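What follows is a set of notes on a single structure, which appears directly below.
The values are calculated or read from the model by the stated rules, or taken from the named source; none is laboratory data. Because the structure is a prediction, the values reported are computed rather than measured. Neighbour counts are summed over all protein chains in view; Cβ atoms, including those assigned to glycine, are modelled from backbone coordinates with ideal geometry. We work out accessible area using only protein heavy atoms, side chains counted, and drop any ligands, DNA or RNA first. Shrake-Rupley method; radii C 1.70, N 1.55, O 1.52, S 1.80 Å.
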Amino acid sequence: MAAAGTSGTGTGSTGSVVAAASTNNVTSFQRRGPRASGADSGCSRLVSIAGTRRSVRNGQLLVSTGLPALDQFLGGGLAVGTVLLIEEDKYNIYSPLLFNYFLAEGIVSGHALLVASAKEDPADILQKLPAPLIDHSYKKECDEDICGHKMESDIKMKIAWRYQLFPKMEGGPVLSSGFGHDYDISKRIPQELIETSKWHGFFLPEKISSTFNVESCSLTSGYMKLLQFIQNIIYEEGFDGSNPQKKQKNILRIGIQNLGSPLWGDDICCAENCDASHSLTKFLYILRALLRTSLSVCIITVPTHLIQNKAVIARVTNLSDTVVGLESFIGSEKETNPLYKDYHGLIHIRQIPRLNNLIYDISDVKDLAFKLKKKLFTIERLHLPPDLSDTVSRSSKQDLAESAKLLGPGCGMTAGGKKHLDF
């Protein structure tokens, strides 16, 4: 409009430009509607996959771990094409729960499953998955608890003032959301859901053969068989990104249990300087390359407390995208420590993925603890008591202060870490 009102020559030149633009169908305006570019249509198709959502940080496609609280601490969920490494607790009691939550979420969301184990038949693992939480009476109790917490949050905190700046973490069940569900560990998943789901099982004792030779690639026979099995499923079922699926797109959830243990033919847990120390790292390197080009996500449990060579643990961590460690209080001094009387262990988020970068990101959440209730496995922030009363003896104060040093500076410790914080 401004160019047309300046002069006649300007009007003529503008008219010629508009005419040229109309003949060449070139315009600076884009129409929002059913017409879209190939990239936009591809993104819309990815969003339509059941049980997924887009990350608000980088637009990456995410799936749930089966624990909504863990999804929040991991940045919204697990990114498709990544590996989640679970460092098993000492007695392997709580790490199978995270493994089962991941698989149960896949069945409820309609995703395809690939379960691999050298210890237990995958069919038996599926029979032990927890049932979705649909107890309405329990939901009513949780709603009342949430309302009570909201009323208490309106009252300004006067003692633990430093916790006012922390984001509010909802620990209650998520029952109405399509992304992430809660599960009742006291019940088993209905048999009808397992029968209608699509899953593939890899049981090492049934797949291995004594005549299989893998000396050329320096991988154990179990790892090589598993890689071939995963690759065939990805390509044949159409989860590969270069070969579009004929049917509706879906996610492949891969679960590998007790990787690196002697049951897989690996001896990294038996000696510090083993012969096949690079076998596990090569397996993870190839596995991650397969996941990067497919609509797949993988969870792996590794007994890192049995690996004597710390360099192997560092390499395994670097080859994983997300690393979560479980520390159980069973058999340790923390089991009788009054600071941890309400919890069963600590959960450590070692690293979270920073996709399309050469480095990983470190989570700023340091103080997390978990407790196993009758129906739920919950993750909460670990809070120290604000201060000790005058009736507590000096020796008990010193014991609590020494115990608080183990929590690090994230739980209200001073810079020197020698005294407990007085509010």
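Worth pointing out:
Per-residue answers, yes or no, for (1) under 16 Å from His348 (Cα atoms); (2) modelled with pLDDT under 95; (3) touching a strand residue (DSSP E or B) at 6+ places or on another chain (Cβ under 9 Å):
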residue	(1), (2), (3)
Arg53	no, yes, yes
Gly59	no, yes, no
Pro68	no, yes, no
Leu74	yes, yes, yes
Gly81	no, yes, yes
Glu87	yes, no, yes
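- One residue from Asp124, Asp40 being open to solvent by 10 Å² or more (accessible area, probe 1.4 Å), among the charged types (D, E, K, R) and at pLDDT below 90: Asp40
- Of all residues in the range 278-322, those satisfying the criterion of being more than 13 Å from Gly260 (Cα to Cα) and touching an Asp or Glu at 6+ places or on another chain (Cβ under 7 Å) are Thr293, Ser294.
- Only one entry in Thr301, Thr322, Thr281, Thr317 is open to solvent by less than 60 Å² (accessible area, probe 1.4 Å), at pLDDT 90 or above, among the polar types (S, T, N, Q) and farther than 30 Å from Leu372 by Cα, namely Thr281.
- Pairing each residue of the range 202-214 that is under 18 Å from Leu280 (Cα atoms) with any residue that is β-branched (Val, Ile, Thr) and at pLDDT below 90, provided the two are 6+ apart or on different chains, yields C-beta distances under 8 Å for Val214/Thr220.
- Condition check for Glu333: out of contact with any strand residue (DSSP E or B) (no Cβ under 7 Å at 6 or more places or on another chain) and either charged (D, E, K, R) or crowded, with 18+ Cβ neighbours inside 10 Å (or both): yes
- Cβ pairs under 8 Å, 6+ apart, first in the range 87-116 and over 19 Å from Gln127 (Cβ atoms), second surrounded by fewer than 21 Cβ atoms within 10 Å (Cβ to Cβ) and of a type in the set (Phe, Trp, Tyr): none
Residues checked against (1) more than 14 Å from Ser261 (Cα to Cα); (2) open to solvent by 10 Å² or more (accessible area, probe 1.4 Å):
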{"site": "Gly81", "(1), (2)": "yes, no"}
{"site": "Glu87", "(1), (2)": "no, yes"}
{"site": "Ala116", "(1), (2)": "no, no"}
{"site": "Glu120", "(1), (2)": "no, yes"}
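- Filter result for the condition that a residue is over 14 Å from the mean Cα position of the chain (by Cα) and farther than 22 Å from Ile93 by Cα, over Leu382, Leu372, Leu319, Leu346: Leu319
- Ile286 in a strand (DSSP E or B) and either within 27 Å of Leu113 (Cβ to Cβ) or open to solvent by 60 Å² or more (accessible area, probe 1.4 Å) (or both): no
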